[in-house]
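Asker: First the structure, then my questions, so here it is.
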Amino acid sequence: MQNSDSKTNAKWQRLPGAARTAFAMGFFVLVSACAQSSKDADLDRERQSMALLEVSQKQARGQRVWCVPYARNLSGIEIRGNAKDWWGKARNNFERGSEPVVGAVMSFRATRGMPLGHVAVVSDVITDREVIVNHANWHRNKVSLKMGVKDVSKNNDWTLVRVESHPGRYGSFYPVNGFIYPKFGG
């Protein structure tokens, strides 16, 4: 029988290197306990590690962590500028739509509370009205992994959502443009 220290060490060794670095350096990554999923493996592990490593490096230098560079690193969707501009900038360069797909970027519209908009990467599709996302700066200067998002739009078209702010607790209503899909295979 393994003792609890060796079990913890075994779990620690299974974490991607960047995640181990972030935790070892004392940086906080919020993970929703209620949104565990086996489909998260569909996200590129190397991209996840790279995105988390960049976050930990920025935090170590006292720099702010933003949603845009994190989403760009995690999804591979090379769009620059504020999150509120991603939907328009994607128009001629990436497929866009209203169906959530693992690896796609959910583009939030700008609001009074989020004047720069927001972007998050879909890490799992639970149902046609619920997904799991990974994103940065939903909680100031932190990365939130495996956070639930529910479609609450009248027409079931992902134009209005509620985001899990803490495990099991969904916050305000947020307007969404849709999903920007990464280019697969070059």
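Asker: Quick check on this structure: which one of 152, 131, 122 is in contact (Cβ under 8 Å) with a residue 40 or more places away in the chain and aliphatic (A, V, I, L, M)?
Answerer: 122
Asker: Report whether or not residue 88 is modelled with pLDDT of 95 or more, on the phi > 0 side of the Ramachandran plot and either loosely packed, with under 15 Cβ neighbours inside 10 Å or among the β-branched types (Val, Ile, Thr) (or both).
Answerer: It is false that residue 88 is modelled with pLDDT of 95 or more, on the phi > 0 side of the Ramachandran plot and either loosely packed, with under 15 Cβ neighbours inside 10 Å or among the β-branched types (Val, Ile, Thr) (or both).
Asker: So which of 64, 47 ends up being exposed (fewer than 15 other Cβ atoms within 10 Å of the Cβ), more than 16 Å from residue 147 (Cβ to Cβ) and modelled with pLDDT under 95?
Answerer: Every option except 64 fails the conditions.
Asker: What tally of residues in segment 51-68 results from selecting those that are aliphatic (A, V, I, L, M) and more than 21 Å from residue 82 (Cα to Cα)?
Answerer: 2
Asker: Still on this structure: Looking at 150, 146, can you tell me which residue is under 24 Å from residue 48 (Cα atoms), in a strand (DSSP E or B) and in contact with a Lys or Arg (Cβ under 6 Å, 6 or more places away or on another chain)?
Answerer: Answer to the check: 150.
Asker: So which residues in segment 70-85 are without any contact (Cβ under 8 Å) to a residue 40 or more places away in the chain and either surrounded by fewer than 17 Cβ atoms within 10 Å (Cβ to Cβ) or in a loop (DSSP other than H, G, I, E, B) (or both), if there are any at all? Give the derivation first.
Answerer: Our first condition is that a residue be without any contact (Cβ under 8 Å) to a residue 40 or more places away in the chain; within segment 70-85, this holds for 72-73, 78, 80-85.
Within segment 70-85, 78, 80, 81, 82, 85 meet the criteria.
Asker: May I ask you to list the residues in segment 101-118 that are buried (at least 23 other Cβ atoms within 10 Å of the Cβ), touching a residue at least 60 places away in the same chain (Cβ under 8 Å) and either assigned to a strand (DSSP E or B) or polar (S, T, N, Q) (or both)?
Answerer: Scanning segment 101-118 gives 105, 106, 107, 108.
The values are calculated or read from the model by the stated rules, or taken from the named source; none is laboratory data. All values reported here derive from a predicted model rather than from experimental measurement. Virtual Cβ from ideal backbone geometry, glycine too; neighbours counted across all protein chains shown.
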